[in-house]
1. So is Pro40 assigned to a loop (DSSP other than H, G, I, E, B), touching a residue at least 60 places away in the same chain (Cβ under 8 Å) and crowded, with 18+ Cβ neighbours inside 10 Å or not?
2. Test each condition in (1) farther than 19 Å from His50 by Cβ; (2) assigned by TED's automatic domain parsing to the domain that holds Cys428 for Pro168 and report the one that comes out false.
3. In this structure, is Ile159 assigned by TED's automatic domain parsing to the domain that holds Arg33, part of a loop (DSSP other than H, G, I, E, B) and either in contact (Cβ under 8 Å) with a residue 40 or more places away in the chain or surrounded by fewer than 19 Cβ atoms within 10 Å (Cβ to Cβ) (or both)?
4. So which pairs qualify, if the first residue must be in region 3-18 and assigned by TED's automatic domain parsing to the domain that holds Glu157 and under 17 Å from Pro153 (Cβ atoms), the second must be part of a strand (DSSP E or B) and among the polar types (S, T, N, Q), the Cβ gap must be under 9 Å, and the two must be at least 6 apart or on different chains?
5. It is to be established whether one or more residues within region 74-94 are in contact (Cβ under 8 Å) with a residue 60 or more places away in the chain, surrounded by fewer than 23 Cβ atoms within 10 Å (Cβ to Cβ) and out of contact with any Ser or Thr (no Cβ under 9 Å at 6 or more places or on another chain).
6. Given the options Arg243, Arg239, Arg298, name the one that is under 24 Å from Lys201 (Cα atoms) and among the basic types (Lys, Arg).
7. Those residues that are within 14 Å of Arg298 (Cα to Cα), over 15 Å from the mean Cα position of the chain (by Cα) and not charged (D, E, K, R), I need them from region 254-272; list them, please.
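The values are calculated or read from the model by the stated rules, or taken from the named source; none is laboratory data. Keep in mind that this is a model prediction, so the values were computed, not measured. Please note: Cβ atoms are built from the backbone with ideal geometry, for glycine as well, and neighbour counts cover all protein chains shown.
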Amino acid sequence: MLAVLNGRDALVSLPTGFGKSLIYQVPAMIVERPTIVISPLIALMMDQEHALRKRGVPVVALHSRLRAAERRAALERLKKGGRLVVLTTPETLESIATAPLFERAQPALLCIDEAHCISEWGHDFRPSYLRLGDARRRLGNPPALALTATATPRVREDIAERLRLHQPRVLVAPAHRENLRLTVDIVPGAAKFPAAARRIKRLQRPGIIYCATTTAVDEVSGALGRARIPVTRYHGKMRAADRDAAQRQFMNPSRRIIMVATTAFGMGIDKPNIRYILHYQAPGSLEQYVQEIGRAGRDGRPAHCILLFDPADLEIHEHLQAQSRPGARHLERLEAALTAWTGKERAPTAETLAYSAGVPARICEVLLSDLEEAGLVGRDEDGGITIVVPQETFQAGVRDVVAKLKTFRYEGERRLRLLADYAQSTECRSVFIRRYFGEEHPPRCGSCDRCRAEGVATTTPARPSSRSSSRTARRKRGRQGPARNGRH
């Protein structure tokens, strides 16, 4: 907070639940000009807006799901300036319609939430994040604050470079929370549901069960519903209204239900009493796993994080990555389309190029960002894209990008292998994770399945004083009522 208030850039990597949002919220109430907060998900943005409004913080959200009247009201409030938190997406920040308004607002701070999305080495890369360095320059180079829960040293370096952070204040905490109990069960696919059922019968609710596919979500939630277990589901193929209803149902403080979901659910979910996260199928990377288990036990009480691992799960992710990631064949089609448009009266937009090349729009956007970064193509004021170097230079540059894509694919494969190594490792689960995130000599946690099997005592952090901690415990018991065993 002091760094950004003093005009210094900052990069913060803290585990989920450590209060990263306060780092921009407190300065936003001190500075006299707007604070712009970039968020990757509209659902996350809506949750943050609701929470800030409840606390009386002046806030507006600008995104594609606003009604016309809501959008007009938000833009009018932005024009007034003053103390204001502006929640928006990278796409809205650079939109031709809204970019001039953001620039005129002269923000005091630019905050990038889920900053790992800016890095191609991050687990949730978003091409629209790549242009935030340019957007920051257009905003007058305000201090930038990059926040993430899951960034390896390599990703942190990439974030700093792409945002053009100048001598940033870097704050990194270990990717570990002492109240999370990490466990891995090696379970073949056919035995998954009985194994999951045995686990959740012994665990308190609420909990989240993560699946890799929408089919698995529907099957697991359906089976739990038939067993009359309180359950709801969430995935990207559901209607937006149904997803919103499922999220409201799960977030209701009085409900103790199970959410069965794909990774589409959860980023920014701040439900303090989630008692377990069970991965029915392996996630796509260790970063994703750490982010998802971080949603459990935010109230500080013990929570269980269980991975049901089957090596065949990794084949699912290999298939999903092959569908969603750009490859050499996509780039070849895009190269041909760009060459065919050369010399035409008007330059094609990204959408037009994607159609001409027969490449999915998101993959086209990723490739265009790579070509822009390499200085091979440029965009005009209307979003038209043209080759800006001689044809021979362009072709040579495309070959370099192909090599980069192959490296990127290898990185995805490496992440999957690391997840298998984690599941099958005989060492402390926490040590494995913390070392992956750059900690050189992490201590054993004493609470994971490996430590419990070897009888290693649980480590307890030093507290300021036993008297103050006992008072805190009594206050918590007074608010929460007595702890109960079994299911809620």
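1. Criteria met by Pro40.
2. Here Pro168 meets the rest and fails (2).
3. no
4. Filtered contacts from region 3-18: Leu11/Thr148; Val12/Thr148; Ser13/Thr148; Leu14/Thr148.
5. No: zero hits.
6. Of the residues listed, the single one that is under 24 Å from Lys201 (Cα atoms) and among the basic types (Lys, Arg) is Arg298.
7. Result: Pro272, single match.
Per-residue answers, yes or no, for (1) loosely packed, with under 15 Cβ neighbours inside 10 Å; (2) of a type in the set (Asp, Glu); (3) without any contact (Cβ under 8 Å) to a residue 60 or more places away in the chain:
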{"site": "Asp370", "(1), (2), (3)": "no, yes, yes"}
{"site": "Glu373", "(1), (2), (3)": "no, yes, no"}
{"site": "Leu376", "(1), (2), (3)": "no, no, yes"}
{"site": "Gly384", "(1), (2), (3)": "no, no, yes"}
{"site": "Glu392", "(1), (2), (3)": "yes, yes, yes"}
{"site": "Val401", "(1), (2), (3)": "no, no, no"}
